[in-house]
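Trainee: This is the structure I have questions about; it appears just below.
The values are calculated or read from the model by the stated rules, or taken from the named source; none is laboratory data. None of these values were measured; they are calculated from a predicted model. Glycine also receives a Cβ, built like all others from the backbone with ideal geometry; neighbour counts cover every protein chain displayed.
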């Protein structure tokens, strides 16, 4: 219910009316490497449906920075995720470049996003592009979308050189993922 309430109150700032299904979470985590340490950035962590899958799959020495702007979602996330390898950041993505620099993180290996990118303000999209260009040059960017077809492919092709789409019908609502690289 918290997702539906937040969606109705905040609209495009909240990507969904429900948490991601286990099938969606697994597909978003396609490039989480259990054999090698990674620095993983999760944008729009919500209440932790995808975060749990990342933690389940990631290498024991990986580091996950779960970013969530909504304090209620972040509080719930803290209750369900307890790992020394996970840091929950309550902040806007537009400030994340500076936060990573302050933490001495100059490279991330994977960005997983639940943010509704096509409907976000241009400055937020620009901030994600800056993250990819400065911290994620060789990283995969895995993006959730909640339409069962690739209608946003042109949008992502403007941001990334390599774009692939995979449908995930078992989700509420049905959707898919974009896996992209610059």
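Trainee: Has segment 68-85 got any residue that is closer than 22 Å to residue 130 by Cβ and in contact with a strand residue (DSSP E or B) (Cβ under 9 Å, 6 or more places away or on another chain)?
Mentor: So far as segment 68-85 goes, yes, one or more of its residues are closer than 22 Å to residue 130 by Cβ and in contact with a strand residue (DSSP E or B) (Cβ under 9 Å, 6 or more places away or on another chain).
Trainee: Moving to a separate point now. Just the residues that are touching a strand residue (DSSP E or B) at 6+ places or on another chain (Cβ under 9 Å) and either outside any strand (DSSP E or B) or over 20 Å from residue 22 (Cβ atoms) (or both), please, taken from segment 172-182.
Mentor: 174, 180, 181, 182, listed by residue number.
Trainee: All but one of (1) free of Cβ contacts under 8 Å to residues at least 40 places away in the same chain; (2) farther than 23 Å from residue 62 by Cα; (3) in contact with a helix residue (DSSP H, G or I) (Cβ under 7 Å, 6 or more places away or on another chain) hold for residue 157; which doesn't?
Mentor: Condition not satisfied by residue 157: (3).
Trainee: Would you say residue 20 is outside any strand (DSSP E or B) and modelled with pLDDT under 95? Break it down stepwise before answering.
Mentor: On the way: outside any strand (DSSP E or B): yes; modelled with pLDDT under 95: yes.
Spelling it out, residue 20 is indeed outside any strand (DSSP E or B) and modelled with pLDDT under 95.
Trainee: Right, next: Could you list, in sequence order, all residues of segment 49-75 that are surrounded by fewer than 18 Cβ atoms within 10 Å (Cβ to Cβ) and over 16 Å from residue 22 (Cα atoms)?
Mentor: 59, 60, 61, 71, 72, 75 - these are the residues of segment 49-75 that are surrounded by fewer than 18 Cβ atoms within 10 Å (Cβ to Cβ) and over 16 Å from residue 22 (Cα atoms).
Trainee: State all residues of segment 46-67 that are in a loop (DSSP other than H, G, I, E, B) and at pLDDT 95 or above; if no residue qualifies, say none.
Mentor: Step one: filter segment 46-67 for residues in a loop (DSSP other than H, G, I, E, B), giving 46-48, 58-62.
Residues satisfying the conditions are 58, 59, 60, 61, 62.
Trainee: Considering only segment 79-98, state which residues are at pLDDT below 95, surrounded by 12 or more Cβ atoms within 10 Å (Cβ to Cβ) and out of contact with any helix residue (DSSP H, G or I) (no Cβ under 9 Å at 6 or more places or on another chain).
Mentor: Those that are at pLDDT below 95, surrounded by 12 or more Cβ atoms within 10 Å (Cβ to Cβ) and out of contact with any helix residue (DSSP H, G or I) (no Cβ under 9 Å at 6 or more places or on another chain): none in segment 79-98.
Trainee: Among the residues that make up segment 132-153, is at least one of them over 24 Å from residue 24 (Cβ atoms), crowded, with 16+ Cβ neighbours inside 10 Å and in contact (Cβ under 8 Å) with a residue 24 or more places away in the chain?
Mentor: yes
Trainee: Considering only residues that are over 17 Å from residue 140 (Cα atoms) and buried (at least 19 other Cβ atoms within 10 Å of the Cβ), which ones fall in segment 99-111?
Mentor: Result: 100, single match.
Trainee: Right, here's the next one. Determine whether residue 116 is surrounded by fewer than 12 Cβ atoms within 10 Å (Cβ to Cβ) and under 28 Å from residue 167 (Cβ atoms).
Mentor: On the way: surrounded by fewer than 12 Cβ atoms within 10 Å (Cβ to Cβ): no; under 28 Å from residue 167 (Cβ atoms): yes.
No; evaluated as a whole, the condition is false for this residue.
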